[in-house]
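Below: one structure, written as structure tokens.
The values are calculated or read from the model by the stated rules, or taken from the named source; none is laboratory data. Given the structure is predicted, the values throughout are model-derived calculations rather than measurements. All Cβ positions, glycine included, derive from the backbone under ideal geometry; neighbour counts span all protein chains shown. To get the accessible areas, we keep the full protein, side chains included, count just its heavy atoms, and leave off ligands, DNA and RNA. Shrake-Rupley method; radii C 1.70, N 1.55, O 1.52, S 1.80 Å.
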Amino acid sequence: MADAAIRRRVLTLKAGGATVTVAGFERGSNVLADEPDVTTISLGKTADGRFAQRIGAVAAARTALKRTLSGVAPPDVIIARNLETLALAGRAASLFDSRIPIVYECLDIHRLLLDAGMKGRAMRAAQRAFGRRASLLITSSPAFVDNFFRPLSGLDLPVLLLENKVLAIAPEPVSEPPVPRPPEPGRPWRIGWFGAIRCRRSLDMLIDFSNRMDGKVEIVLRGRPAYGEFDDFDAKVAAAPHVEFHGAYRNPEDLAAIYGDVQFTWAIDFFEEGLNSSWLLPNRLYEGGLYGAVPIALAGTETGRFIGKRGIGLVRNEVTPDSLQALFDEMTEARYAELFSRLAAVERSQWVTGPAECRALVSRLAALHPNVPSPADLPAVSTVRS
């Protein structure tokens, strides 16, 4: 329940007319603490990267589920976000009503699910077993469907594609189109890397590159670092003279301010290169697009294809400190203005989820329940979160 994405999904469901209860694991601060009309229920604690511990936490949560959910009103739909909570969803449904539909929402494909050995086969078998009760799969990138769900997962579910767009409900996050914001004379270009900060290779590359540029480019980091993926994230950033880290932010409330502070978005992730990182369409792609921060992406990835198809941003066949230095040695205000104008010309609906889309989502979920007579009758939705 520390993941900003769970708050965005809850706000989306609420905007669509649903009443939401969240049962989830703790791994840091609860991002829903400031949502007084959302009931949150702890299923226990999990640790990032400690898979044996997480399996044990799921098993313990399953054993205690009847007691844990004893005060919860029967939901119309259960959304299981990721595999750990898919393992609990069927049991949760049986405690209320076996006819309650389960929706499997998977926004990342963990490397263990793609392992060619015994571990991978066991993980995929578990996913198939727990997914037998599911009525719908929600995912965020077509590449996840093409590269994993269709050929490898063994799941045969209808798919609902929900891209990681910016939630745009009243008050509107953008009141007028973004305007170019080149740096003032003598000031550096600024590249923002916002959201899930988990890629050691990106951090090392950006530190090296910004050092080479000697003050002509600054790197701005915001979000929640996966500290287990770095040797010493805080010390490394503190020692880098042209890198700033400003911690977590609220989505969507802070997006206009933080993207307005940079000219470019780092939309590259080597964390699981060739696998999940090559297939995802990250939040920062949509956030930067909405607020006019030109994306930098790698060719051959789904993000690179997305950007290339629309003729926006900077897509490079190879990304190294040398190639980045060459790119920004040639960056001029005129070149930036051209890149910005192409990005600003993209239809706003490409970047945002508005009230109509929220209502459509909840209506789609309502239609799954046998006792809801029409999609206009909106359901209560329980979201189980790993």
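Please tell me if residue 140 is polar (S, T, N, Q) and either open to solvent by less than 30 Å² (accessible area, probe 1.4 Å) or within 28 Å of residue 304 (Cβ to Cβ) (or both).
yes
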Could you grab me the full set of residues in segment 47-89 that are assigned to a helix (DSSP H, G or I), more than 23 Å from residue 113 (Cα to Cα) and either open to solvent by 60 Å² or more (accessible area, probe 1.4 Å) or touching an Asp or Glu at 6+ places or on another chain (Cβ under 7 Å) (or both)? 63, 66, 67
In segment 285-313, which residues are of a type in the set (Ser, Thr, Tyr) and either surrounded by fewer than 20 Cβ atoms within 10 Å (Cβ to Cβ) or free of Cβ contacts under 8 Å to residues at least 60 places away in the same chain (or both)? 301, 303
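Between 2, 57, which is under 22 Å from the mean Cα position of the chain (by Cα) and within 22 Å of residue 226 (Cβ to Cβ)? Spell out the reasoning first.
Working: 57 fails: under 22 Å from the mean Cα position of the chain (by Cα).
None of the other options fit; the residue is 2.
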Identify the single condition in (1) open to solvent by 60 Å² or more (accessible area, probe 1.4 Å); (2) within 17 Å of the chain's Cα centre (by Cα); (3) at pLDDT 90 or above that residue 27 does not satisfy, given that it satisfies every other one. (3)
Tally time: how many residues in segment 228-252 are closer than 16 Å to residue 48 by Cβ and touching a residue at least 40 places away in the same chain (Cβ under 8 Å)? 3
Condition check for residue 122: aliphatic (A, V, I, L, M) and more than 22 Å from the chain's Cα centre (by Cα): yes
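On the basis of being modelled with pLDDT of 95 or more and within 21 Å of the chain's Cα centre (by Cα), does residue 284 make the cut? Talk me through it step by step, then tell me what you get.
On the way: modelled with pLDDT of 95 or more: yes; within 21 Å of the chain's Cα centre (by Cα): yes.
Considered against the rule, which asks whether it is modelled with pLDDT of 95 or more and within 21 Å of the chain's Cα centre (by Cα), residue 284 comes out as yes.
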How many residues does segment 243-260 hold that are part of a loop (DSSP other than H, G, I, E, B), out of contact with any strand residue (DSSP E or B) (no Cβ under 9 Å at 6 or more places or on another chain) and open to solvent by 50 Å² or more (accessible area, probe 1.4 Å)? 2
If we ask which residues in segment 144-188 are part of a strand (DSSP E or B) and surrounded by 18 or more Cβ atoms within 10 Å (Cβ to Cβ), their number turns out to be 2
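Is it true that some residue in segment 228-237 is part of a loop (DSSP other than H, G, I, E, B), open to solvent by 80 Å² or more (accessible area, probe 1.4 Å), of a type outside the set (Ser, Thr, Tyr) and at negative phi?
Just the residues of segment 228-237 that are part of a loop (DSSP other than H, G, I, E, B), to begin with: 230-232.
The next check asks that each one be open to solvent by 80 Å² or more (accessible area, probe 1.4 Å); those that pass are 231-232.
Then drop every residue that is not of a type outside the set (Ser, Thr, Tyr), which leaves 231-232.
Checking which are at negative phi leaves us with 231-232.
Within segment 228-237 (the criterion being part of a loop (DSSP other than H, G, I, E, B), open to solvent by 80 Å² or more (accessible area, probe 1.4 Å), of a type outside the set (Ser, Thr, Tyr) and at negative phi), the answer is yes, since at least one residue qualifies.
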Any residue at all in segment 125-132 that is under 22 Å from residue 59 (Cβ atoms), open to solvent by less than 10 Å² (accessible area, probe 1.4 Å) and of a type outside the set (Val, Ile, Thr)? yes
Which condition from (1) open to solvent by 40 Å² or more (accessible area, probe 1.4 Å); (2) within 27 Å of residue 362 (Cα to Cα); (3) free of Cβ contacts under 8 Å to residues at least 60 places away in the same chain is the one that residue 99 breaks? (3)
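Taking segment 212-227 as the search range and keeping residues that are open to solvent by 60 Å² or more (accessible area, probe 1.4 Å) and among the charged types (D, E, K, R), which one is nearest to residue 30 (Cα to Cα)? If you could, list the steps in order and put the result at the bottom.
Initial filter on segment 212-227 (open to solvent by 60 Å² or more (accessible area, probe 1.4 Å)): 212, 214, 216, 224, 227.
Narrowing further to those that are among the charged types (D, E, K, R): 212, 214, 216, 224.
Working: 212: 39, 214: 39, 216: 38, 224: 13 Å.
If we take residues in segment 212-227 being open to solvent by 60 Å² or more (accessible area, probe 1.4 Å) and among the charged types (D, E, K, R), then 224 is nearest to residue 30 (Cα to Cα).
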Taking the condition within 20 Å of the chain's Cα centre (by Cα) and either part of a helix (DSSP H, G or I) or among the small types (Gly, Ala, Ser) (or both), does residue 44 pass? no
What are the pairs with Cβ atoms under 9 angstrom where one residue, in segment 145-167, is over 18 Å from residue 101 (Cα atoms) and free of Cβ contacts under 8 Å to residues at least 60 places away in the same chain and the other, located anywhere, is open to solvent by 30 Å² or more (accessible area, probe 1.4 Å) and assigned to a strand (DSSP E or B)? Sequence gap at least six, or different chains. 145/159; 145/161; 149/159; 150/159
